[in-house]
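Engineer: Could you have a look at this structure, given as structure tokens, before my questions?
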Amino acid sequence: MHFFLLILIVLVGIAGVGYFAFKEGEIKNNYKTNQKTQTTSSSISPVQPEISIFDVSAQVIEDLKKVYSPEFTSDSTIRALTVNNETPKPSEKIHYSGSGFKPNSKVQIHSVIPEEMKVEEDFITQSDKDGNVEGDVTINSAAKPGRRLLVATDYGDMKNVLLNFALGKSTALHWFLCAVNFYVRE
């Protein structure tokens, strides 16, 4: 019974993503008809996984596996995100930068406590015309000491992968992200 409910929830979620994409104009149906067949094409093209890991520490990979899943982490393209201060105190700002994002694309930034899978910061920014992203994150004044994972996710890439999954064009859930560990100190 629980398995059936889980499948139903997943299917409703996939249908919701597809409907939202259609409503937002991400999916455009162009009907082409000849005498015998009717075909439908979409503006979304299937994406083949381009799986690779660049300059990322083993600890970052382990933390990503905790926060996401081992399968997602092994199927995603992961690059290093850089920060100017790897050991900030509470209330201090750290500057981050990363590259390889789609140009002028939304990028989701979030800071996570990997051991607790707790998100401390979460916001959307945008990559520049070259696919680079940079900005500042202020460490919460009540942050407890410990390791954090700062992740920048290519929102456009993630949306495209979810749409392809919802449309049945892909079964893999993977996308581009950058990540780095930092340590909040007292």
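Coordinate-derived values only; no laboratory data. Just so it is clear, the model here is predicted, and its values are computed rather than measured. Methodologically, a virtual Cβ is constructed for each residue, glycine included, from the backbone with ideal geometry; neighbour enumeration extends over all protein chains shown.
Engineer: For residue 122 and residue 171 in one chain, what is 0.36 nm times their gap in residues minus the Cα-Cα distance, to one decimal in nm? The partial results should precede the final answer.
Structural biologist: Working: separation 49, 0.36 × 49 = 17.64 nm, distance 2.72 nm.
Length difference between fully extended and current span is 14.9 nm.
Engineer: Now for a different question. List the residues whose amide H sits under 5 Å from the amide H of residue 135, counting only those 5 or more places along or on another chain, with H placed 1.01 Å from N in the peptide plane.
Structural biologist: 96
Engineer: May I pose another question? Counting other C-beta atoms within 10 Å, which of 176, 182 has the fewest, and how do the rest follow?
Structural biologist: Numbers: 176 24, 182 20.
Taking fewest neighbouring Cβ atoms as first place, the list is 182, 176.
Engineer: Still on this model: Give me the tail of P(r) for the range 58-184 as a percent: Cα-Cα pairs with distance above 19 Å.
Structural biologist: Cα-Cα pairs of the range 58-184 separated by over 19 Å account for 47 percent.
Engineer: Quick check on my link table: of 106/169; 66/129; 89/159; 118/169; 89/129, which ones sit more than 30 Å apart, alpha carbon to alpha carbon?
Structural biologist: On the way: 106/169 23 Å; 66/129 32 Å; 89/159 34 Å; 118/169 32 Å; 89/129 33 Å.
Checking Cα-Cα distances, 66/129; 89/159; 118/169; 89/129 exceed 30 Å.
Engineer: Applying 1/(1 + (r/R0)^6) with R0 = 41 Å to the Cβ-Cβ distance of residue 132 and residue 185, what FRET efficiency is obtained, to the nearest 0.05?
Structural biologist: Details: r = 29 Å, r/R0 = 0.70.
Given R0 = 41 Å and the Cβ-Cβ separation, E is 0.90.
Engineer: Still on this model: Compute, for the range 59-116, the length of the dipole vector about the Cα centre, with Cβ point charges of +1 (Lys, Arg) and -1 (Asp, Glu) only. Units Debye, rounded to 20. Walk me through the numbers before you get to the answer.
Structural biologist: Working: 7 positive and 8 negative charges, 71 e Å.
For the range 59-116, the charge dipole is close to 340 debye.
Engineer: Now for a separate question. What are the ³J(HN,Hα) values, in whole Hz, obtained from phi via the Karplus relation 6.51 cos²θ - 1.76 cosθ + 1.60 with θ = phi - 60°, for each residue of the range 129-137 in sequence order, with x given for Gly and Pro?
Structural biologist: Listing the rounded values in order: 5, 9, x, 9, 9, 7, x, 10, 10 Hz.
Engineer: Right, next: Can you give me the distance in nm between label points at residue 104 and residue 144, each placed 7 Å from the Cα along the Cα-to-Cβ direction?
Structural biologist: Output for this residue pair reads 4.5 nm.
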